[in-house]
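The values are calculated or read from the model by the stated rules, or taken from the named source; none is laboratory data. The model shown is predicted, which means the values in this text are computed figures rather than measured ones. No Cβ is skipped: glycine too gets one built from the backbone with ideal geometry, and neighbour counts run over all protein chains shown.
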Amino acid sequence: MTDVTIAIIGAGFSGLGAAIKLQQNGFEDFVILDRGSDFGGTWRDNTYPGAACDVPSHLYSYSFAPNPNWSRSFSQQPEIHQYINDVAETYDIRSRTRFGVEVRDARWDDTSQRWTIDTDAGEYTAKYLVGAVGPLCEPNLPDIKGINEFGGEIFHSARWNHDYDLTGKRVAVIGTGASAIQIIPGIADKVGHLDVYQRTAPWVLPRADRPYTGLEHWAFKNIPGYQKLCRLGIYSAHELVSFGLTYAPDVLKPAVRAGKANIARAISDRTLREKVTPTFKPGCKRILLSNLYYPALAQDNVEVVTDGISHVTETGIVTVDGEEREVDAIVVATGFHVTDSPTFEHIVGRGGRSLAETWQSAGMKAYKGSTVHGFPNMFLMIGPATGLGHTSMVYMIESQLNYLVDELKKIRSQSISTIDVKADVQDSYNASIQKTLRRSVWIAGGCSSWYKDADGNVTTVWPGFTFRFRNSLRTFDTDAYTITREREEIS
Ligand code: N01
């Protein structure tokens, strides 16, 4: 058994960021546990052809670790993965990280006032637990009849099988979300035939992606403040979008024109144009960016199938009209378990109640996206109501890190043994978020999406300007919490 003061689960952007901030603030006794073999989280796991970020590189990076060497305006997965690993090296976090360790469960023990973390490499105990696994870590395999009987190759977008050569093969891609619209142009030229199973057509806008010039690289390196200015410019433009998403969806009308023009530029066939034209308001689902997606759909060897899937056979996919389309391989690009992640069952708080049970009865709620009543001394990175559809999650992560570090400093300076957010504070915080959400495009936009839970409530996204989130997390508000010191309640 290993005892530490702070255990961080997950070595992606948020877990690594937490480790760096802890170290910088004099917290030496911590460990990161990660089931993978490297830093990067989702940017380590998603290696599908064409994987890239749809937030510009200079904003999609830590503010404390700017990278003047980004090769292009929107980075591709290998470069982001490398960046995260380089940052880990710079701050010497590798020696504090245990890779290849699968966390089986984490349980709060009121008697010892510690978390017990059971892993396949032994047990850890910790005074404080930071859950940094991210909402997009558990692949969602669709519950399609017969899918397990398929005799060809089948894999999820986040578990790409690089040993399987798609050259000349008949391939089906199920889904047309952010992952699929990058995969499809990434494989269309290589495969023999590609069927794209589209349930809902997404809004796809042009992507202003280009390599940086030598002069720009010189400026990023040599002109003081130039990179910061670029970040600020991108950030400010994105904040205008957040106004549209939350308060005035009509502000996003130009996206309809841009999306339709993007279709018209690439697709001349009228039937195909109609098939891929979305029927909901832009922003309701994530707005996607690509200059390559529609040209790929227009290729002769690519077909968009809009008849629903009835079942899968040993040799292919049968649609509801009874037609079977034979394929050699199926790529399942059907997203992630976000509001129903299996990890929720394995985090067990006071009274032996899991996060899954807690959220099943009361909805997925946290205070400031970070702390959950009944789960003392626990902090969730990218918890409920922190997700975004339009700007950098790294900004939200850094906002949470301010709050986390201030909390831990107060725990240290005030000799606090347990700290648990008050239920009424958590409830009123979430009620106010739900009130803001009522006007938002996620509710009023006429779509279903992973932003909503099974009851149709939007529990994953932050509504409004992201600087408001940052401001509210600048200081840890101890009075929102029940605190015990040496097992005695003090406030
Ligand atoms: O997953 P998704 P994703 N039968 O849930 C369809 C981030 N990300 O992996 O729309 C048939 O968005 C589903 O159809 P519908 C980003 O935050 C970022 O693509 O529900 N189809 C949809 O088309 C993103 O939002 C980047 O009708 C089924 C698709 O599968 C998040 O990850 C890149 C189905 C799932 O889309 C998730 O994106 C990649 C079924 N049974 C990901 N079930 C960048 O930064 C689901 N679908 C660029």
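Is it true that SER61 is surrounded by fewer than 20 Cβ atoms within 10 Å (Cβ to Cβ), assigned to a loop (DSSP other than H, G, I, E, B) and in contact with a helix residue (DSSP H, G or I) (Cβ under 9 Å, 6 or more places away or on another chain)?
no
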Original post:
Applying the selection to the stretch 179-203, what residues are assigned to a strand (DSSP E or B) and away from the ligand (no atom under 11 Å from the Cβ)?
Top reply: HIS193, LEU194, ASP195
Original post:
Which fully enclosed strands (runs of 3 or more DSSP E) of the stretch 316-370 have 3 or more residues being of a type outside the set (A, V, I, L, M)?
Top reply: 324-326
Original post:
Do we have ILE93 as in contact with a helix residue (DSSP H, G or I) (Cβ under 6 Å, 6 or more places away or on another chain), over 30 Å from GLY233 (Cβ atoms), of a type outside the set (Ser, Thr, Tyr) and modelled with pLDDT of 95 or more here?
Top reply: yes
Original post:
Does GLU149 qualify as being charged (D, E, K, R), more than 12 Å from the ligand (Cβ to nearest atom), touching a residue at least 40 places away in the same chain (Cβ under 8 Å) and surrounded by fewer than 15 Cβ atoms within 10 Å (Cβ to Cβ)?
Top reply: yes
**OP:** Any chance you could count how many residues in the stretch 236-254 are buried (at least 19 other Cβ atoms within 10 Å of the Cβ) and free of Cβ contacts under 8 Å to residues at least 60 places away in the same chain?
**Re:** 0
Subject >> Residue count for the stretch 436-491, restricted to those that are out of contact with any Phe, Trp or Tyr (no Cβ under 6 Å at 6 or more places or on another chain) and on the phi > 0 side of the Ramachandran plot >> reply: 4
Original post:
Counting only residues that are touching a residue at least 40 places away in the same chain (Cβ under 8 Å), of a type in the set (Asp, Glu) and under 18 Å from GLY152 (Cα atoms), which one in the stretch 291-326 is surrounded by the fewest Cβ atoms within 10 Å (Cβ to Cβ)?
Top reply: GLU314
Original post:
Tally time: how many residues in the stretch 27-59 are among the hydroxyl-bearing types (Ser, Thr, Tyr), at pLDDT 95 or above and within 14 Å of the ligand (Cβ to nearest atom)?
Top reply: 3
**OP:** Quickly run through the stretch 410-462 and pick out the residues that are within 16 Å of the ligand (Cβ to nearest atom) and among the aromatic types (Phe, Trp, Tyr).
**Re:** TRP442, TRP450, TYR451, TRP462
Subject >> Residue ID - farthest from TYR247 (Cα to Cα), chosen from residues in the stretch 271-307 that are acidic (Asp, Glu) and outside any helix (DSSP H, G or I) >> reply: ASP300
**OP:** Could you list all residues from the stretch 115-146 that are assigned to a strand (DSSP E or B) and without any contact (Cβ under 8 Å) to a residue 60 or more places away in the chain?
**Re:** THR116, ASP118, ASP120
**OP:** Looking only at the stretch 413-438, count how many residues are in contact with a Ser or Thr (Cβ under 7 Å, 6 or more places away or on another chain) and either assigned to a loop (DSSP other than H, G, I, E, B) or without any contact (Cβ under 8 Å) to a residue 40 or more places away in the chain (or both).
**Re:** 2
**OP:** Kindly provide the set of residues from the stretch 262-290 that are surrounded by fewer than 17 Cβ atoms within 10 Å (Cβ to Cβ), more than 16 Å from the ligand (Cβ to nearest atom) and touching a residue at least 24 places away in the same chain (Cβ under 8 Å), ordered by number.
**Re:** ARG265, SER268, ASP269
Subject >> Test: residue in the stretch 156-163 that is crowded, with 22+ Cβ neighbours inside 10 Å, within 12 Å of the ligand (Cβ to nearest atom), in a helix (DSSP H, G or I) and at negative phi >> reply: yes
